[in-house]
1. Quick check on the chain: helices-only [θ] at 222 nm, where DSSP H runs of length 4 and up contribute -39,500 (n - 2.57) each and the sum goes over total residues. Nearest 500, please.
2. Considering the chain as a Gaussian network with a 10 Å cut-off on Cα pairs, which listed residue, 181, 49, 268, attains the greatest mean-square fluctuation?
3. Determine which aspartates and glutamates satisfy two conditions relative to residue 75: a Cα distance under 13 Å, and not lying fewer than 8 residues away in the same chain.
4. How many percent of the accessible area of the chain is carbon or sulfur, using a 1.4 Å probe?
5. Among the lysines, select those whose C-alpha is under 26 Å from the C-alpha of residue 246, and discard any that sit fewer than 8 residues away in the same chain.
6. Once you place label points 7 Å from the Cα toward the Cβ at residue 120 and residue 236, how far apart are they in nm?
7. Round to a whole angstrom and tell me the spacing of the C-alpha centers of the stretch 237-297 and the stretch 130-148.
8. Please list, in order along the stretch 111-124, the HN-Hα scalar couplings obtained from phi with the Karplus expression 6.51 cos²θ - 1.76 cosθ + 1.60 (θ = phi - 60°), rounded to whole Hz, x for Gly and Pro.
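The values are calculated or read from the model by the stated rules, or taken from the named source; none is laboratory data. Quick caveat: nothing in here was measured; it's all calculated off a predicted structure. As a convention, Cβ positions derive from the backbone with ideal geometry for all residues, glycine included, and neighbour counts pool all protein chains shown. Note: areas computed on protein heavy atoms with side chains; ligands, DNA, RNA excluded. Shrake-Rupley method; radii C 1.70, N 1.55, O 1.52, S 1.80 Å.
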Amino acid sequence: MGTSGEWARVLNRLRCLRLPALVAVLLAAGIPHVRGQEEEAKARDPNLANPTQVVTVSVKGYTVAGLVTTLKDAKVFKHGIALFPGHPGIMKLREENGQPRFEQRGNFLVRSRRHWLDAETLVVVVDAPSDQWATFTQAFRETPRYGADVAALLGEVARRHGVEEWTFVGTSEGSVSAFHAARMNPQLARRAILTSSLFQPTNNGPGLSWVSWDKLSSRLLWVHHESDPCKYTPYRDARRFAERSKSPLLTVRGGGPGRGDPCEAQTAHGFAGVERETVLAMRSWVKTGVVPPDVAP
């Protein structure tokens, strides 16, 4: 970007320039323009081609943030889709230089969020509360405080965007977040969708192995890939839990090719290669209440 002598000459000129000339000098010096940064971000994440904002609420010394995405001309929303990403569920969501910054971009629900959008539907990816960024255990997700944190965030999103009703969607360990958040907020969570759900205990907690389904008043849909390779989320358990909870199971097939660890998001565990079809099937259930046929590309 130039030698120290060149930068010194640039800085001397800046002291005398008005704003239009200042911008020209900065561009000539090779400093990235905001528009260029935006285009680069969109190339990395096609979801950012849609209007995106970070909504943050402050609660007693910590914050809870959500990443809201809508269609460009959509104004008032019948449906709000609250997305709870898989492990670790810690996005560290914030805004820097007017742009959203966050981790877990590759998570199934995060990378596929644009497929939910239409004129009456928005999505918000729910981050862990800021004071939980070091741990965010499953035990914490069971607490009344977490239920209140989610309610505070979604209440603010609803206030800004006129959301009429909510569906909570979790994937993998995020199914634990979505279940407990829905259980504790029956007035908010009209529906719950649990995808690639964590049925077996892990080092972070018991998963869904012990929960009482009669404590969930939301309508429930299970979504699971028939070839899910993760040992904590086997398809046979999806069938068993669907029967136990007396709720329908939407089976997904095909997609790929997968890559990486079996329990990571770029395999059938994360619906790799069939993300759009899976999301559109879930959106159809939200809007119609009818379970669509099994999903295949």
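1. After summing the helix terms and dividing by residue count, I get -9500 deg cm²/dmol.
2. The residue that fluctuates most here is 49.
3. Reachable aspartates and glutamates: 118, 120, 164.
4. About 52 percent, which is the carbon plus sulfur part of the accessible surface.
5. Cα-Cα hits under 26 Å: 215, 231, 287.
6. Label at residue 120, label at residue 236, 4.3 nm between them.
7. Using only Cα atoms to place each centre, the spacing works out to 26 Å.
8. Each residue's phi maps through the Karplus curve to give 6, 9, 5, 5, 6, 6, 6, 8, 5, 10, 9, 10, 10, 9 Hz.
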